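To keep things clear, I will list the structure first and then write my remarks on it.
The values are calculated or read from the model by the stated rules, or taken from the named source; none is laboratory data. Worth saying up front: this structure is predicted, and the values here are computed from it rather than measured. All Cβ positions, even for glycine, are placed from backbone atoms using ideal geometry, and neighbour counts span all protein chains on display.
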C-alpha cells in the first residue's frame, strides 16, 4: 500500500508520520510518499526577486528543509519512501500527487502551520477529506484535546 504523507514542518504533520510508521510496525505493508506543497509566490516576492528560477530554487530549498525531519523518521524506521516538493494550492496539489503516485491512502496532521489555538482541523485537511478519492486519516497530536 502506498500512503501519501503531507508534511509542512508542523508537529501535527510529524505526528501523522509517526502514526503511519506505527501502522507499518503493526504489520501494514506500506511505502510512503512525503509531500510538501509550497504556495505560489506573492506579488511582493515576484516584484522583489525578479527571477522566477530563483524563486523556484528558494521554494524547493524551503520544502526540502521542511521534509527533512519526516525523512529522518522514515530513514530511522527503514521505511521505503519518495519525497516531492511541489508548488500550488496545497489541497489541489495533494490530490494530484496522490493520483500521480498511485497512493491508496492519505495520513496527515489535523492542523498544520495555521493557528494552533484554532482547534478542529485545518483547511487543507478539511479540503482533502472532502475531495480525496482515497481514504484520509487525520491524526491529532497526542496532547490535542
Tally of residues being assigned to a loop (DSSP other than H, G, I, E, B) and either within 14 Å of residue 137 (Cβ to Cβ) or at pLDDT below 95 (or both) across the stretch 82-109: 4
So, in the stretch 50-103, exactly how many residues are in contact with a strand residue (DSSP E or B) (Cβ under 7 Å, 6 or more places away or on another chain) and surrounded by 13 or more Cβ atoms within 10 Å (Cβ to Cβ)? 25
Which condition does residue 19 not pass, out of (1) at positive phi; (2) at pLDDT 90 or above, if it passes all the others? (1)
Any chance the stretch 62-80 includes a residue that's more than 12 Å from the chain's Cα centre (by Cα), closer than 18 Å to residue 11 by Cα, assigned to a helix (DSSP H, G or I) and at pLDDT below 95? yes
